[in-house]
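Visitor: I have a structure here, written as structure tokens, and I will follow up with some questions on it.
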Amino acid sequence: MSTKYATYETAWCPGCGNFAILDALKDTLNKLNLSPHQVLVVGGIGQAAKLPQYINTNGFEGLHGRALPVAIAAKIANHNLKVIVNTGDGDSYGEGGNHFIHNIRRNVDITHFVHDNQIYGLTKGQSSPTSGLGHVTDFTPNGVFNKPLNPLTMALSLGAGFVARAFSGEKDHLVEIMQEAINYKGYAIVDILQPCVSFNKVNTFAWYKDRVYKLKDHDYKDKVKAFEVANIWDEEIPIGIIYKEEMPSYTDNFGFLKEKPLIEQDTSKETVKKLIEDFI
Amino acid sequence: MEYNVLIGGEAGQGMKTLTSVFSQMIHKRGFYLFTLADYMSRVRGGHNFFQLRFSDDKLYSHCEKLDVIIALNQETCDLHLGRLKEDGVVLADTNVKSNDSRLVTIKAKELATEVGNVRTMSTVLLGALLKLFGLDEEYLEEIFSHKFNEKITNQNLESYQRGQSLVEQKFKTSKGNKAERLLINGNQAIALGALAANMKFYSAYPMTPATSIMSYLVTKAEEAKIIVEQAEDEIAAINMAIGAASVGVRAMTGTSGGGFSLMVEGLGLAGIAEIPLVIALVQRPGPATGLPTRTEQADLKFAINASQGEFGRIVISLNSPEDAFYQTTRAFNLAEKYQLPVILLSDQYLADATQTVNLFDLDKVAIERSIEDEPSSDYKRYALSETGISPRALPGYHSGVVINHDSDEHDEEGNITESAQVRNDMVNKRAMKFSLAKNDIQEPKVLGIENPQILLLGWGSTYSQLKDAVELLNENERRYGALVFGDIWPLPTKKFLDSYKTSEKIINVEQNSTAQLASLIKETTGKDIDLNILRYDGRPLSADEIIEKVLEVE
Ligand SMILES: Cc1ncc(C[n+]2csc(CCOP(=O)(O)OP(=O)(O)O)c2C)c(N)n1
Ligand code: SF4
Ligand SMILES: [Mg+2]
């Protein structure tokens with residue numbers, strides 16, 4: 001594990017999948033040769049969303065569900081920053097569901113790592129949008145009735161250009177995928193399966209370990225295949241890059257952003273003067 | 001010289017073009033104009049009107065008594081005839097009927113059809129209207145050719161001439177006094193202020209009456225090199241603006257009360273994370289959907305108190321388009337100086353009223369960024385300091401320095417903490433910089449006599465009606481004055497307390513039903529204000545109405 005991004009005391013439970021994700025992220029940034037000041041890690045609120053606190057990069061810990069709007073705007077404002085979102089499944093797909101939908105459409109060049117423990121960890125064990133049918137929690141004593149949301153098919157159908165799944169228990173593989181995701185020019189989502197040892201007694205480390213397999217010979221350019229793979233769940237769970245397509249990202253729509261980032265461009269006094277005089 | 005014209009009809013009848021062309025012809029001649037828009041929340045039909053007051057002297061508000069009514073339909077004639085002066089004129093097509101001898105009908109539709117374009121009917125009326133004031137076609141071609149192709153322009157010019165030949169001059173006009181002035185509304189002034197302040201990022205979700213800030217900015221985005229993003233909702237809008245501001249660009253969002261309700265958690269985020277943020281809150285009558293296209297000043301306490309927890313924010317209410325322009329530029333400086341949200345409080349009346357104002361002067365605009373350019377290697381984003389202000393460095397520019405922003409209570413480095421000591425330090429730090437901000441707060445504007453016998457109070461857009469009212473009241477007996485608040489939170493109290501001692505009566509004037517300013521004054525100074533003139537039917541108070549009620553209560 002790289003020490004360049006420092007090691008902090010965390011408030012996570014021993015054995016939590018979040019540790020491996022944090023380590024993987026540090027390794028990834030190291031491999032990509034990124035200095036701490038070049039990276040901005042954004043989180044919402046939740047256990048996963050505490051990650052920005054535990055890594056020595058620029059950080060923004062915002063509101064529950066609102067990591068994406070902060071992250072994309074930060075990127076638009078200074079596209080020289082590598083902007084990475086690390087946050088939970090509840091944060092990304094529940095409270096922040098609307099931003100998830102629309103930021104896929106917007107396609108700003110950021111990376112979204114969802115720590116998907118299929119549970120609300122911080123608030124102590126309520127079901128999340130990805131909790132399986134029948135999942136019994138203290139808050140769903142008769143099991144979850146609501147159908148789980150599939151973030152991957154959702155992302156695919158909304159036109160996301162980089163869709164992947166990973167598992168915190170396969171760290172080297174996770175690092176590979178993180179690198180690809182960060183290097184992808186556009187919005188990249190990686191749904192990372194993450195055991196929550198304290199509150200998710202169904203989808204445990206062993207549960208995931210028994211099911212995940214790395215995708216081999218998968219043509220991630222084939223959208224139909226991608227949908228097929230993204231739908232595989234329960235008995236077996238494929239991990240890897242499910243879909244990837246090059247496409248223009250948000251900032252490509254603005255000619256003036258090609259020269260330099262927004263933050264380094266001023267609206268000249270002459271321009272403002274002219275705009276005022278248009279009202280004469 | 002001063003006249004007041006009402007143009008009314010259904011949405012989609014060409015009223016907007018008629019109004020805009022008439023306004024420009026009047027403006028370009030060097031007259032001052034004040035146009036009030038009264039429209040319904042629908043795309044077609046309904047009853048809508050514009051009231052255009054013009055004069056050779058500066059105007060501040062609209063006026064109820066009418067000299068001319070252009071009735072594009074029967075309803076306009078029926079509804080507004082009662083406000084027409086004795087020697088006034090209703091000008092309409094022959095399909096409008098009335099026994100009133102002041103009605104003058106012309107075959108506008110028939111003539112327009114003859115010209116080959118029935119849609120130029122309103123231009124026939126325009127020709128007749130200008131003729132009533134003895135004004136010819138000066139500027140007409142220039143204005144039409146800017147809007148339409150040659151064929152349609154020529155049809156309009158022809159229709160205009162036909163209209164001119166149908167009536168005789170009725171009103172005397174002076175020669176306008178031409179100068180470089182702007183014809184602009186409050187929202188456009190806010191948008192220009194933002195550009196003058198070098199705002200780079202504007203995110204918003206459409207909501208009347210704030211939408212036109214965004215629609216203006218988006219048309220100038222390329223030219224001004226700014227990003228204007230339509231967010232998926234107001235929660236996204238404010239969080240985007242916060243994200244952009246957090247890395248160092250000047251960012252802004254704008255909305256009306258409903259959208260601001262959704263932004264409330266974000267407002268608190270800007271408070272605790274100390275992000276400089278400017279929010280335009282353009283009020284309309286609430287709660288919930290309320291009256292979308294009408295005016296009210298009922299979000300004052302909401303703006304001041306929105307969000308859980310305690311933190312400083314500055315609320316500036318806007319008095320006029322000039323004020324909106326300069327205050328918007330100032331809002332960005334204050335937001336950055338004190339690293340907190342600044343709310344610009346406007347309303348539909350100011351947002352939509354197009355008026356003649358003096359040219360905005362960019363030499364009066366200062367951009368003060370308050371950014372730390374050379375942070376040391378042990379830089380801390382929330383470093384405790386004597387003023388409560390921590391130097392603000394930007395992420396990405398300083399090797400070895402990282403910037404952390406946090407919505408949790410945090411330590412000096414921006415890391416989450418539950419330490420009681422740090423919590424106290426941080427709450428106190430934020431409170432300290434807010435008390436410091438009080439030094440930058442501007443006292444209310446004084447109208448009429450300073451420390452008068454009869455003192456009127458107001459805030460925000462009622463500045464314009466109060467200005468006219470006080471002037472007229474003083475014509476009879478010089479004993480009236482008004483204090484109109486611009487900066488309203490923190491509430492400046494010095495001038496108020498001075499006048500409080502000397503005035504015999506204080507009358508508070510507001511566009512809401514609960515006298516929120518009076519209650520804020522009571523809360524802040526302990527002083528009671530007993531007399532209120534309140535209007536909350538969604539229509540703007542007029543100077544005449546204020547005068548009438550002042551004379552009633554005093
Ligand atoms: C507006 C708002 N609503 C609710 C909460 C409480 N809350 C904090 S985190 C959270 C859910 C966290 O779940 P998830 O995003 O999956 O993160 P995890 O803790 O599982 O990593 C909730 C409901 C909050 N902080 N803010
Ligand atoms: S509650 Fe669950 S997600 Fe949170 S730290 Fe503990 S194990 Fe991890
Ligand atoms: Mg979770």
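No lab work stands behind these numbers, since they all come straight from the coordinates. Note that the structure is predicted; figures quoted are calculated from it, not measured. Every residue, glycine among them, receives a Cβ derived from its backbone with ideal geometry; neighbour counts consider all protein chains shown.
Visitor: Nearest 0.05, what FRET efficiency do B:Ser101 and B:Glu75 give at R0 = 25 Å with Cβ-Cβ as r?
Guide: 0.80
Visitor: Kindly provide log₁₀ I(q)/I(0) values, in the same order as q = 0.11, 0.18, 0.28 Å⁻¹, from the Debye equation applied to equal alpha-carbon scatterers of the stretch B:371-440.
Guide: Debye intensities relative to I(0), on a log10 scale: -0.28, -0.71, -1.24.
Visitor: Could you work out how far apart the two model spin labels at B:Arg83 and B:Lys505 are, taking each label as a point 7 Å from the Cα in the direction of the beta carbon, and quote it in nm?
Guide: Roughly 2.6 nm, to one decimal.
Visitor: Nearest 500 deg cm²/dmol is fine: what mean residue ellipticity at 222 nm does chain A get from its DSSP H runs of n ≥ 4 alone, each adding -39,500 (n - 2.57), divided by its residue count?
Guide: Result for chain A, helices only: -8500 deg cm²/dmol.
Visitor: Which value results when the Cα radius of gyration for the stretch B:2-164 is divided by 2.2 N^0.38 Å?
Guide: Normalised Rg, Cα atoms only: 0.97.
Visitor: Provide the three semi-axes, in whole Å and in decreasing order, of the ellipsoid equivalent to the protein assembly as shown as defined by the square roots of 5 times the Cα gyration tensor eigenvalues.
Guide: Working: eigenvalues 622, 203, 109 Å².
In descending order the semi-axes read 56, 32, 23 Å.
Visitor: With every atom except the alpha carbons ignored, what do you get for Rg and Dmax of chain B, in angstroms?
Guide: Rg and Dmax of chain B, Cα atoms, are 25.6, 85 Å.
Visitor: I would also like to ask the following. Given the C-alpha centroids of the stretch B:277-355 and the stretch B:117-176, what is the distance between them in whole angstrom?
Guide: About 39 Å separates the Cα centre of the stretch B:277-355 from the one of the stretch B:117-176.
Visitor: Provide, in order from the shortest bin, the percent of all Cα-Cα pairs of the stretch B:421-466 in each 5 Å bin, continuing until the bin that contains the maximum pair distance.
Guide: The calculated distribution, bin by bin, is 5, 15, 16, 13, 10, 11, 9, 9, 7, 4, 1.
Visitor: When N is the residue count of the stretch B:338-416, what does its C-alpha Rg come to as a fraction of 2.2 N^0.38 Å?
Guide: With N residues counted in the stretch B:338-416, Rg over 2.2 N^0.38 Å equals 1.63.
Visitor: Given the -39500 (n - 2.57) contribution per DSSP H run of 4+ residues, what per-residue ellipticity at 222 nm results for chain B, rounded to the nearest 500 deg cm²/dmol?
Guide: Value at 222 nm, helices only, nearest 500: -11500 deg cm²/dmol.
Visitor: About its Cα centre, what dipole magnitude does the protein assembly as shown give when the only charges are +1 on Lys and Arg Cβ and -1 on Asp and Glu Cβ, stated in debye to the nearest 20?
Guide: Rounded to the nearest 20 debye, it is 560 debye.
Visitor: With a Förster radius of 35 Å, plug the Cβ-Cβ distance of B:Val446 and B:Asp136 into 1/(1 + (r/R0)^6) and report the FRET value to the nearest 0.05.
Guide: Computed FRET efficiency for B:Val446 and B:Asp136 comes out at 0.25.
Visitor: Projected area of the stretch A:32-75, taken from the Cα convex hull and averaged over every viewing direction, in nm²? Intermediate values should be presented prior to the final figure.
Guide: On the way: hull surface 12.4 nm².
Its average projected convex-hull area is 3.1 nm².
Visitor: What is the order of B:Leu192, B:Leu531, fewest Cβ neighbours within 10 Å to most?
Guide: Listed from fewest to most nearby Cβ atoms, that is B:Leu531, B:Leu192.
Visitor: Over chain B, what is the mean sequence separation of C-alpha contacts under 8 Å (at least six apart), divided by residue count, expressed as relative contact order in percent?
Guide: 12 percent
Visitor: Give, in nm to one decimal, the length gained when the segment between B:Glu374 and B:Glu150 is fully stretched (0.36 nm per residue of separation minus the Cα-Cα distance).
Guide: 74.7 nm
Visitor: Next question. Over all directions, how big on average is the projection of the convex hull of the alpha-carbon atoms in the stretch B:186-225, in square nanometres?
Guide: Orientation-averaged projected area of the Cα hull: 2.6 nm².
Visitor: Can you give me the Cα centroid spacing of the stretch B:356-405 and the stretch A:83-112 in angstrom?
Guide: 29 Å
Visitor: Quick one: work out Rg over Rh on the C-alpha atoms of the stretch B:31-113, Rh as Kirkwood radius.
Guide: 0.99
Visitor: Label B:Asn428 and A:Lys216 with points 7 Å out from Cα along Cα→Cβ: what is the distance between them in nm?
Guide: Here the answer is 6.5 nm between the modelled labels.
Visitor: So, one more: Express the Stokes-Einstein translational diffusion coefficient of the stretch B:444-513 in µm² s⁻¹, to the nearest whole number, given a Kirkwood radius over alpha-carbon pairs, 25 °C and a viscosity of 0.890 mPa s.
Guide: After rounding, the answer is 206 µm²/s.
Visitor: Something else about it: Gap in Å between the Cα centre of the stretch A:8-63 and the Cα centre of the stretch B:460-520?
Guide: Centre-to-centre (Cα) distance: 54 Å.
Visitor: Cut-off is 10 Å between beta-carbons; in what order do B:Lys28, A:Lys26 appear when sorted fewest neighbours first?
Guide: Least crowded to most crowded, the residues run B:Lys28, A:Lys26.
Visitor: Here's a follow-up. Using the structure shown, list the pairs from B:Lys58/B:Lys175; B:Lys175/B:Lys364; A:Lys31/A:Lys185; A:Lys201/A:Lys225; B:Lys337/B:Lys527 with a Cα-Cα distance above 26 Å, or answer none.
Guide: Long pairs (Cα-Cα over 26 Å): B:Lys175/B:Lys364; A:Lys201/A:Lys225; B:Lys337/B:Lys527.
Visitor: By Kyte-Doolittle mean hydropathy of at least 1.6 and Cα axial length of at least 27 Å, which whole DSSP H helices of chain B are selected? Walk me through the numbers before you get to the answer.
Guide: On the way: long enough: none.
The qualifying helices: there are none.
Visitor: Let me ask something additional. Treat each spin label as a single point 7 Å out from the Cα along the C-beta direction, and report the B:Lys364 to B:Thr219 distance in nm.
Guide: 2.5 nm
Visitor: Residues of the stretch B:206-224 with amide nitrogen under 13 Å from the 7 Å Cα-to-Cβ point of A:Asp278?
Guide: B:213-224
Visitor: Just the Cα atoms of the stretch B:183-364: what Rg and Dmax do they give in Å?
Guide: According to the Cα coordinates of the stretch B:183-364, Rg and Dmax are 14.5, 42 Å.
Visitor: If the only charges are +1 at each Lys and Arg Cβ and -1 at each Asp and Glu Cβ, what is the size of the charge dipole of the stretch B:445-553 around the Cα centre, to the nearest 20 debye?
Guide: Dipole about the Cα centre, nearest 20: 340 debye.
Visitor: Could you list the residues of the stretch B:421-451 with an amide nitrogen less than 16 Å from a label point located 7 Å from the Cα of B:Lys58 in the Cα-to-C-beta direction?
Guide: Inside the label zone: B:445-449.
Visitor: Which Cα, out of B:Gly134, B:Gly9, B:Cys63, lies furthest along the positive dipole direction of the stretch B:2-164 (beta carbon charges, K/R +1, D/E -1)?
Guide: Farthest along the dipole direction, towards plus: B:Gly9.
Visitor: Find out how many positive minus negative residues lie around A:Thr137, taking Lys and Arg as positive, Asp and Glu as negative, among other residues whose Cβ is under 12 Å from that of A:Thr137.
Guide: Here the charged neighbours net out to +1.
Visitor: From the C-alpha coordinates alone, can you work out the Kirkwood hydrodynamic radius of chain A, in Å?
Guide: Answer for chain A: a Kirkwood hydrodynamic radius of 19.4 Å.
Visitor: Moving on to the next point. Using Cα pairs under 8 angstrom and six or more residues apart, how large is the relative contact order of the stretch A:93-176, in percent?
Guide: 22 percent
Visitor: Continuing with this model, one more query. Extent of the stretch B:224-293 along each principal axis, from alpha carbon coordinates, in Å, largest to smallest?
Guide: 37, 31, 18
Visitor: So what is log10(I(q)/I(0)) for the stretch B:102-144 at q = 0.34 1/Å, when the Debye sum runs over its Cα atoms only?
Guide: So the normalised log intensities work out to -1.11.
Visitor: While we're looking at this one, here's another question. Determine the principal axes of the Cα atoms in the stretch B:355-509, then give the extent along each, sorted from largest to smallest and rounded to whole angstroms.
Guide: Here the spans come out as 70, 41, 22 Å, largest first.
Visitor: In the stretch B:110-211, which trypsin sites (Lys or Arg not before Pro) are in a loop and have at most 14 other Cβ atoms within 10 Å, using DSSP for the loop call?
Guide: Passing sites in the stretch B:110-211 are B:Lys172, B:Lys175, B:Lys178.
Visitor: Using modelled backbone amide H atoms (1.01 Å from N, in-plane), which distant-in-sequence or interchain residues come within less than 5 Å of B:Ile106's amide H?
Guide: B:Ala92, B:Asp93, B:Thr94
Visitor: About the Cα centre of chain B, how large is the charge dipole given +1 on each Lys and Arg Cβ and -1 on each Asp and Glu Cβ? Please answer in debye to the nearest 20.
Guide: Working: 57 positive and 76 negative charges, 196 e Å.
That gives chain B a dipole magnitude of about 940 debye.
Visitor: Provide the FRET efficiency to the nearest 0.05 for the B:Ser519-B:Glu418 pair, computing r from the beta carbons and using R0 = 41 Å.
Guide: 0.65
Visitor: Report relative contact order for chain A in percent, whole number only (criteria: Cα-Cα under 8 Å, sequence separation at least 6).
Guide: Working: 574 pairs, mean separation 48.5, N = 280.
That works out to 17 percent.
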